[in-house]
Each structure stands twice: as C-alpha cells, then as structure tokens.
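What follows is a single structure, written as structure tokens, with notes after it.
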Amino acid sequence: MARRLQAIPRGVYASTPLFIRQAEGSILEDVDGNRFIDLGGGIGCTNAGHRNARVLGALRSQLDAFLHLCFQVTGYESYVALAEKLNELTPGKFAKKTFLVNSGAEAVENAVKIARAFTGRSAVISVEDGFHGRTMMGLSLTSKTHPYKAGFGPFLPDVYRIPFGVPADQRLSHRGPMTVGQVTELLDQTFRRVVAAESVAAVVAEPVLGEGGFVVPRAGFLPALAQICRDRGIVFVADEVQTGFGRTGELFACTHFGIEPDLILTAKSLGGGLPLAGITGRAEIMDAPGPGGLGGTFGGNPASCAAALAVLEELADGQMMAQGRALGEQFQRRAQEWQRQHSFIGDVRGVGAMQAMEFVEGNGVPCAKAAKKLVQHCLHHGVLLLSAGTYDNIIRLLMPLNMSDDEFQQALQVVEDGLSAVASELGELAAAAH
Ligand SMILES: Cc1ncc(COP(=O)(O)O)c(C=O)c1O
C-alpha cells in the first residue's frame, strides 16, 4: 500500500486496502492469505465468475494464434462472430450492426457520435443520477458531482438532464406506474423550456441506474420515453454497461420493460474480465458515420472477443441467469426481514441479481455512515461489498451470477451481523448526540 500511494495518484481511489493474489469463482484471496466472498465482481465485470473455465479455455486458444492485429488493419473472425451474436441477442428483431471498443465510457462517446451523425442534431439528454463513465462526454452525461465531476469542467455543451421518471428526492414515496401522459408532460416541459425536440440527437439512460443506486424506474416510464424518442426522431440509447449480461435475470434489463432501444451499450461482464465494450444498434443508425469515422487501435481486441464469445456461451442455456435470479430472491427475502428490524433500512429494491438496500436516518435523510460501516464490517469478516448512490448510502450486489447458495448464505449472514453492529453503533451515536 505504501508503494501504491507513492507511485499512483490519489485520484485513483482505493475503496479497500486489499491486494489480491488469486481469484477463483466467487472467492478472492489476498496476499496475506485472507479469503473474501466477492459481492462486487470488480464492479460488475464477473457475472460469469472469476477465471471462468470456458473463458480461460478460449483465451488459451487465442494466445496460441495471435494477440493484437487492429481490426481496421487486418480482420479476424471472432470480432465478426461477436458482432453477429450481439446483433442477434440484443432486444429488437430489426437489422443491427455492432462496433466494438474498450470500455463503457468509450461506448458512450461513440453512441453520441453515431446519433449525432445520424440525426444531424447535437443535443443529448440524460437522466438524474445516471452514470456514463469518466471521459468528457461520459462525465457531461453523468449526474453525480463529487467525486466524478468537480474540478474537471467545463463539460460539453448541449447536454441536458431530466428526472428518471420522478425527481430524485421523491423516489421513495412515489412508486406507482407512470402514465404515458405524465411522461409526455415531463418531456414537453423539457422541449419547451430547456431544449427543442428537433435539436435532440439522443436520449441516453440506464434501464436501471447502477452507480446512481440501483434505482428501478417506475413502470411505464421507459416505454413512454422510448415512444416519445421515436415520435420526435431522437435516438434512444440504453446504457446496459452495468445492467447487462444476465445481471437482472434477463440478458438485458430492457427486456423487463419491453423496450427495444435504437442503440444498446454493453461492457463490463461482456469481456469475462477483459476490457471490451460494444455499441449495437439499428443498422441504418450505426452506418451513419462514414468509412474511417469509427475506430480505435485496440477496440475488439482478439483476446477480449474470444473471452466474450465464451461468456455468451456460458449464458446461453439460461442456468447462470436462473441462479442469479435465485440469489436475488434469497436477498430480497432476507433484506425485507432486516428492513422490519432496522429503521435505518429505508428501501430494499432490485431486479434479478441486481439488488440493493438504501440507508436513511429519520425523515428519509440519506445515511452514508450506515453504508460505510456495513462495508467495513463485511470487509473485516470476509465479504467484499460495494456502496453506490449520489449520497453513498446504498449497498449493492454485483456478485458472480453463478455463486453457490452456500457462499451466498455465508455472505448474507455476515451482512446480517453487520447490520446489527451498525444498528448498535447508530444507536450509540444517536444517544451521544442527545
Ligand atoms: C452504466 C455505466 N455506463 C458506463 C460506465 C463506464 O464504463 P467504464 O468504466 O468501462 O468506462 C459505467 C461504469 O461503471 C457504468 O456503470
């Protein structure tokens, strides 16, 4: 750690003090031999588990053939095969094309370029509490100021933000479905007061907010938003970087909401642990930039493509997603009991294995210290857990989908004990404050 602090800027934050020697399945082992059940998956990149056997097999074969070529210089089949697979598997039966890049942020950048080229318009709309990466367009679309945006401006012009169906501060009290009329009214206000509809190239939104705190939109919001985009000639972009590849119990979260985005962005678990991201969408939109308009040296690297094809094979029979859904249900049952016991658990929510708990003080005020204490307790008792949210008051699950029931129950027991420890500490704090 001393060497890390010396050699690496403090901006690259260390959310745990761990240095890992070995990872296998759902277990991390650190350099001191301590073992941890991984509920974070390197921020959602190991849906298929650490060192997935099929991924390793594909990588070994690729190592014996070639590594970097640059797809724009000399082709290789795995890039094409992966594009075909993503075209087939993403929601929507229309003709699609796929372009591969290295990271989620790069996918976001390219989606905006493609939407602008297609529409000839410049404005982009994102949603409150959305997260879209650390590059300049990604940050411009991202909501949370600290630590992501503060000090890094100016951000790109012509970027606007709408509520994710309901203003962020009213989320816990407004749950029912939204009507098309309500969503239309919301967008009409934006198009009248903020930016003209005919200037908007794209709306970019995660179907379930990831970094923003696993916020599930109210029923009706996303279908109405997609319809309004269609009516107004706006490209609807679903950022499935965090929600994708089985996390929500479906291959893509859009399926839960019955929406077929014009462009869909994938990354994280797509690469099975290797850097890879995709922009998949309607063929006519994807073909808007001219030859040479899209590219990058490493995008769709052969090793990453081989790994991704193996990940898709792993997901193909649905077993891993079924296990993910089962884990999600186990969490829901336990967490709802915890919520009855602990008043600081303001919300339990999620879809499939994408589950979260939100911590609050009285009056629904976000309680980051509860989340922090729980994360620390878990770390000291062998469970790696991640927080999220604009107020850092949300605990989220991003474990491998193929984690065993046994490992998951062990992890949940640690969380349960941690919640009791947090409750007594919060009680002590409250008593000390009086
Ligand atoms: C929804 C979403 N979009 C984009 C990104 C950025 O991806 P990357 O970190 O690979 O650039 C993330 C990363 O957490 C994300 O969750």
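For the stretch 187-249, with only Lys/Arg (+1) and Asp/Glu (-1) charged at the beta-carbon, what is the dipole magnitude about the Cα centre, in debye rounded to 20? Please list the in-between numbers first.
Numbers: 6 positive and 7 negative charges, 38 e Å.
Around 180 debye, computed over the stretch 187-249.
Expressed in nm to one decimal, what extension gain is obtained for the pair Ala421 and Ser173 from 0.36 nm per residue of sequence separation less their Cα-Cα distance?
Between Ala421 and Ser173, full extension yields 86.5 nm more.
How far is it, in nm, from the label point at Ala2 to the one at Phe66 when both lie 7 Å from their Cα along the line to the Cβ?
4.7 nm
Using alpha carbons only, what's the Rg to Rh ratio of the stretch 186-280 with Rh from Kirkwood?
Taking Rg over the Kirkwood Rh, I get 1.00.
Say we join alpha carbon atoms closer than 10 Å with springs in a Gaussian network model of the chain; which of Asp32, Asp405, Asp417 then has the biggest fluctuation?
Residue with maximal mean-square fluctuation among Asp32, Asp405, Asp417: Asp32.
Check Tyr160: other-chain or 5+ apart residues with amide H under 5 Å from its amide H, H built from backbone geometry?
The list, which skips near neighbours in sequence, is Val124, Ile125, Ser126.
Based on the alpha-carbon gyration tensor of the stretch 103-243 and its eigenvalue square roots a ≥ b ≥ c, which shape applies: rounded if a/c is under 1.5, prolate if not and a/b is larger than b/c, or oblate?
Oblate, since a/c reaches 1.5 and b/c is not below a/b.
Using Cα springs under 10 Å in a Gaussian network model of the chain, which residue among Cys70, Cys378, Cys45 shows the largest mean-square fluctuation?
Maximum fluctuation in the GNM of the chain, among the listed residues, is at Cys70.
Would you be so kind as to identify which of Val383, Tyr148, Gly130 lies farthest towards the positive end of the dipole of the chain, taking Lys and Arg as +1 and Asp and Glu as -1 on Cβ and the Cα centre as origin?
Of the options given, the answer is Tyr148.
Need one number: nm distance between label points at Asp287 and Thr255, each 7 Å from Cα along Cα→Cβ, rounded to one decimal.
Here the answer is 2.8 nm between the modelled labels.
Provide, for the chain, the number of lysine pairs with alpha carbons under 20 Å apart, each pair being eight or more places apart or on different chains.
9
Once the Cβ-Cβ distance between Val365 and Phe298 is put in as r, and R0 is 35 Å, what FRET efficiency do you end up with, to the nearest 0.05?
Efficiency for this residue pair is about 0.20.
Nearest 0.05, what FRET efficiency do Arg21 and Ile43 give at R0 = 22 Å with Cβ-Cβ as r?
Computed FRET efficiency for Arg21 and Ile43: 0.65.
Met136 versus Gln319, label points 7 Å from Cα toward the beta carbon: distance in nm?
Using points 7 Å along Cα→Cβ, the separation is 4.9 nm.
Looking at the chain only, what percent of DSSP beta bridges run antiparallel? Nearest 5 please.
Taking every DSSP beta bridge with both residues in the chain, the antiparallel ones total about 65 percent.
What fraction of the DSSP beta bridges in the stretch 167-326 is antiparallel, stated in percent and rounded to the nearest 5?
So the antiparallel bridges amount to about 35 percent of the total.
Take the Cβ-Cβ distance between Asp405 and Glu88 as r, set R0 to 30 Å, and report the resulting FRET efficiency rounded to the nearest 0.05.
That gives a FRET efficiency of 0.40.
What is the stretch 333-434 by shape, rounded, prolate or oblate, if you read a ≥ b ≥ c off the alpha carbon gyration tensor as root eigenvalues and call it rounded for a/c under 1.5, prolate for a/b larger than b/c, and oblate otherwise?
prolate
If the only charges are +1 at each Lys and Arg Cβ and -1 at each Asp and Glu Cβ, what is the size of the charge dipole of the chain around the Cα centre, to the nearest 20 debye? Write out the running numbers ahead of the final one.
Values: 38 positive and 44 negative charges, 161 e Å.
I would put it at about 780 debye.
Pick from Ala253, Ala196, Ala306: which is most flexible by mean-square fluctuation in a GNM of the chain where alpha carbon atoms under 10 Å apart are linked?
Largest GNM mean-square fluctuation: Ala196.
Send over the semi-axes of the chain's equivalent ellipsoid, whole angstrom and largest first, taken as the square roots of 5 times the C-alpha gyration tensor eigenvalues.
33, 29, 20
Under the rule of at least 5 residues apart or a separate chain, name every residue whose amide H is placed under 5 Å from the amide H of Ala219.
Amide H neighbours of Ala219: Met178.
Stretch Glu77-Gln182 to full length: gain in nm at 0.36 nm per residue minus the Cα-Cα span?
33.1 nm
We did not get these values from a lab; they are worked out from the coordinates using the rules stated. Keep in mind that this is a model prediction, so the values were computed, not measured. Reconstructed Cβ throughout: ideal geometry from the backbone, glycine too, with neighbour counts over all protein chains shown.
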